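The values are calculated or read from the model by the stated rules, or taken from the named source; none is laboratory data. For clarity, every value in this text was computed on a predicted model and none was experimentally measured. Here Cβ is always computed from backbone atoms with ideal geometry, including for glycine, and neighbour counts include all displayed protein chains. Note: areas computed on protein heavy atoms with side chains; ligands, DNA, RNA excluded. Shrake-Rupley method; radii C 1.70, N 1.55, O 1.52, S 1.80 Å.
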Amino acid sequence: MTIFIPTPLRPYAAGKDAVEADATTVAGALEALTLDYPDLRKHLFTGEGKVRAFVNLYLNDEDVRYLPAKEATGVTASDTLSIIPSIAGGD
Amino acid sequence: MSDPDAKPASTLRMSRTVYEQIRAHGEETYPHECCGALLGHATAAGWQVESAIRAGNTRTDSAHNRYEIAPLELVKIERKARKQGLGIAGFYHSHPDHPAQWSQTDFADAHWLGCSYVITEVAQGTAAVTHSFRLAGSTEEDKRFENEAIVVEDGKNS
């Protein structure tokens, strides 16, 4: 599958905007990604190994948080995973 | 934390057209906050913005002082940017009747390290000051906003 890397994380993925990962689940894809690019780990996961609260994961157009199997959801080679940190604020 | 008087550490460049689009968006949504994404190229001095993409503010519960862009909308904006060979350079939002300085909420909710956060004060419906802040640092734990100079390029289309 293809994992799209957002602008702020590209310096930790050798400058790439997309990375191919050979995996069968979303969690497996993240594991493969962070094995290849270990510096990404602290940006994506908390110390306890959970995906950071502000990091949104979209499998194609679906928010992984709301998929029944969440990160255990199966993936195929044609799927895309977008990593999108949240955007919010206010005065 | 950034010192409001500190010398700008980087430069955000954009055409007059894009600059005015950002400010006009804030006037249109007043008294609510507007928000959107900035697409562009990275340069050694900072981002060169090529276009501003409007986004919806999902914080309809408190739109006068909060904004949020739906992640799926951002996924789609990024896909479009990628096809154009551009990246997400940063984001913009407005502060209705509030100074163009980042707030604690802006800082706590800023996660795009290396990107520019543009804020326009909209005073009584009219765009006033526009400032940019670059989210510097290398991790969530050492992030900070740094003042950034906005260079508006006259005579350059889009």
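Sorted from largest down, what three extents in whole angstroms do the Cα atoms of segment A:29-91 have along their principal axes?
Each principal axis gives a Cα extent; for segment A:29-91 these are 42, 26, 19 Å.
Among B:GLY40, B:LEU74, B:VAL118, whose Cα projects farthest towards the positive end of the dipole of the protein assembly as shown, with charges put on the beta-carbon of Lys, Arg (+1) and Asp, Glu (-1)?
B:GLY40
Each label point is 7 Å from the Cα along the Cα-to-Cβ direction; what then is the distance between the points at A:ARG65 and B:ALA123, in nm?
According to this spin-label approximation, the distance is 3.8 nm.
Run the simple label-point estimate for A:ALA14 and B:LEU72 please: 7 Å along Cα→C-beta, distance reported in nm.
3.4 nm
Set the bar at 22 Å for Cα to Cα. Now go through A:LYS50/B:LYS76; A:LYS16/B:LYS76; A:LYS16/B:LYS7; A:LYS50/B:LYS143; A:LYS50/B:LYS83 and name every pair that lies beyond it.
A:LYS50/B:LYS76; A:LYS16/B:LYS7; A:LYS50/B:LYS83
Which order do peptides B:117-128, B:87-98 fall in by mean Cβ count within 10 Å, highest first?
B:87-98, B:117-128
Counting only other chains, and only Cβ atoms inside 10 Å, what mean value do you get across the residues of B:63-74?
Mean partner-chain Cβ count within 10 Å for B:63-74: 5.
Net charge near B:ALA24: determine it from the other residues with C-beta under 13 Å of the C-beta of B:ALA24, scoring Lys and Arg +1 and Asp and Glu -1.
Result for the neighbourhood of B:ALA24: 0.
Before anything else, pin down the relative contact order of chain B: Cα pairs under 8 Å, at least 6 apart, normalised by residue count, whole percent.
31 percent
Nearest 500 deg cm²/dmol is fine: what mean residue ellipticity at 222 nm does chain B get from its DSSP H runs of n ≥ 4 alone, each adding -39,500 (n - 2.57), divided by its residue count?
That comes out to -6000 deg cm²/dmol.
I need the peptides B:134-141, A:83-90 ranked by packing, meaning the mean over residues of other C-beta atoms within 10 angstrom, with the highest value on top.
Put in order of decreasing packing, that is A:83-90, B:134-141.
At 222 nm, what value in deg cm²/dmol follows for chain A if DSSP H runs of at least 4 each add -39500 (n - 2.57) and the sum is divided by all its residues, to the nearest 500?
-4500 deg cm²/dmol
Just the number, please: buried accessible area between B and A, total of both chains, 1.4 angstrom probe, nearest 100 square angstrom.
Buried surface at the B/A interface: approximately 2600 Å².
Over all residues in A:17-30, what is the mean tally of Cβ atoms on other chains that come within 10 Å of each residue's Cβ?
0
Could you tell me whether segment B:1-96 comes out rounded, prolate or oblate from its Cα gyration tensor? Rule is a ≥ b ≥ c as square roots of the eigenvalues, rounded for a/c under 1.5, then prolate if a/b exceeds b/c, otherwise oblate.
Oblate.
Rank by packing, highest mean first: peptides A:65-74, B:23-32, with packing defined as the count of other Cβ atoms within 10 Å averaged across residues.
B:23-32, A:65-74
Quick one: 3J(HN,Hα) in Hz for segment B:135-143, Karplus 6.51/-1.76/1.60 with θ = phi - 60°, rounded, Gly and Pro as x.
Along segment B:135-143, the couplings run 7, 8, x, 10, 9, 4, 7, 10, 5 Hz.
Quick query: amide H of A:ARG52 versus all other amide H atoms, modeled in the peptide plane; which residues come in under 5 Å with a sequence gap of 5 or more or a different chain?
Amide H neighbours of A:ARG52, under 5 Å, 5+ apart: A:PHE45, A:THR46.
Which of A:GLY49, A:THR7, A:ALA29 sits farthest toward the positive end of the charge dipole of chain A, with +1 on the Cβ of Lys and Arg and -1 on the Cβ of Asp and Glu?
With unit charges placed on the Cβ atoms, the residue in question is A:GLY49.
Rounded if a/c is under 1.5, else prolate if a/b is larger than b/c, else oblate: which is segment B:50-158, with a ≥ b ≥ c the root eigenvalues of its Cα gyration tensor?
rounded
Quick check: at a probe of 1.4 Å, how many percent of the accessible area of segment A:1-69 sits on carbon and sulfur atoms?
53 percent
Would you mind giving the mean number of other chain beta-carbons within 10 Å of the Cβ of each residue in B:10-18, as a whole number?
The mean count of partner-chain Cβ atoms within 10 Å per residue comes to 0.
How much accessible area per residue does segment B:28-139 have, counting only protein heavy atoms and a probe of 1.4 Å, in square angstrom?
38 Å²
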